[in-house]
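J.: Handing you a structure now.
Laboratory data are not the source of any read-out in this text; all were calculated from the coordinates shown. What you are looking at is a predicted structure, and each value in this text was computed from that prediction instead of being measured. Cβ atoms come from the backbone with ideal geometry, glycine included; neighbour counts cover every protein chain shown.
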Amino acid sequence: MLTIYFISFLIALGISYTLTPYAKKIAYRIGAIDVPKDNRRVHKKPVPRLGGLAIYMSFIATTIITILLNRNLLQIIARDYIGIFIGASMIVGIGIVDDTKQISAKFKLAVQIAAALVAIYFGVRIEFITNILAKTTGTTAAVGMLSIPLTVFWIVGITNTVNLIDGLDGLAAGVATIASISLGVVSYINGMYPVALLLFILAGATVGFLPYNFNPAEIFMGDTGSLLIGFLLATISVEGLIKTATTIAVAIPVLALGVPIFDTAFAILRRLINKRPIMEADKGHLHHRLLDHGLTQKQTVLTLYSISIFLGCSAIFISDTQNSIAYFVITSIAVVVVTGAYLFGLVKRPKEEKANL
């Protein structure tokens, strides 16, 4: 059983690694180039940004190849996964357009919601939440009609959190790889084999792209890649982990995706406190703060990789332990994260932005 995961991972890695140079050529041909126009961008010269296309092609191609190699998989690939693939294709389409022409945030949001609704139509839904008011520990409750808005919120939210951390060479790809592997291990432990397979395929696709994207980057994944990876992680985690009626189901992907989720949460809080628009970009993200403290790009990325690995291992640990221990771990991590964010100034506006007002 484990062999197919390893083979699929390697196939995805090889396809992504092979296709990325072609994605780079396409980016130059259609004008999908990231030109540094403001001080938020760390790179100093134009860089092609269509690497997500290679990740997408690798993910789809490897899934098809894996099914052809093992026909039994076709019987257990549920209808829900069709919605994930269609929605992912919609996300890639809007990402390519945005990487080339840059469209409005509202239009991108509309397409993301539409893609989420497609996934929901095919059965990808959050159906249970922890009932914190119940007297019995471990009780869950069906969400009923709230299933659709909750699922849309989760999918669109996670899709954009990955997009927001894509600010340094190799950061989003590396964090996504760690999250995919962590969630894949949890899925395998809990017997969700098709879910685990898709997550390891995604991990292989991002690893194959990483050699071209690590500092100094030859190509960026662009919105094509960051939105795609966020969408896939969000929908696959719903189909596997969150869809189960367990009390810590939501906590597992939140921990595995801890770096982008926590960074985005503090970015929203920071902008609300400073009375700035939520969608307004700034240099207050965690990777910006680490750079301001004297770390190089590589040191910053490796630091965030380390944090992601710790959170990913925590997600694996709580998935196979008693609820009381899991709650203790989750609470402890939450306290450390909030304290660290306060001490590190993640809820404050960067000094250089204040000076420019």
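J.: Taking N as the number of residues in the stretch 159-202, what is its alpha-carbon radius of gyration divided by 2.2 N^0.38 Å?
T.: Its radius of gyration relative to the 2.2 N^0.38 Å reference: 1.28.
J.: Figure the gain on full extension for Ile325 and Tyr121 (residue separation times 0.36 nm, minus the Cα-Cα span) and round it to one decimal in nm.
T.: The span from Ile325 to Tyr121 would gain 69.8 nm if fully extended.
J.: Then there is this: Could you sort out which of Lys101/Lys275; Lys25/Lys101; Lys24/Lys298; Lys25/Lys45 sit more than 20 Å apart by Cα distance in this structure? Let's see the in-between values first.
T.: Numbers: Lys101/Lys275 30 Å; Lys25/Lys101 17 Å; Lys24/Lys298 22 Å; Lys25/Lys45 17 Å.
With Cα atoms farther than 20 Å apart: Lys101/Lys275; Lys24/Lys298.
J.: Would you mind checking which residues have amide H under 5 Å from Asp34's amide H? H placed 1.01 Å from N; only 5 or more apart, or other chain.
T.: Val47, Arg49
J.: Sticking with this one: Which order do the peptides 184-191, 258-265 take when ranked by the mean count of other beta-carbon atoms within 10 Å per residue, highest first?
T.: Highest-to-lowest ranking by the protection proxy: 258-265, 184-191.
J.: Read phi for every residue in the stretch 179-196 and hand back ³J(HN,Hα) as whole Hz from Karplus 6.51 cos²θ - 1.76 cosθ + 1.60, θ = phi - 60°, with x for Gly and Pro.
T.: 3J(HN,Hα) across the stretch 179-196, in whole Hz: 5, 5, 5, 4, 5, x, 5, 4, 4, 5, 4, 8, x, 8, 5, x, 5, 4.
J.: Which of the peptides 167-175, 232-240 is most tightly packed, and how do the rest follow, judged by the mean count of other Cβ atoms within 10 Å per residue?
T.: 232-240, 167-175
J.: Quick one: which of 145-157, 215-227 comes out on top by average Cβ neighbours within 10 Å, and what's the full order, highest first?
T.: Those peptides, ordered most packed to least, come out 215-227, 145-157.
J.: Name the long-range amide H neighbours of Ile126: under 5 Å, sequence gap of 5 or more, or other chain; modelled H, no Pro or chain starts.
T.: Here the answer is Thr151, since their amide H atoms fall under 5 Å of that of Ile126.
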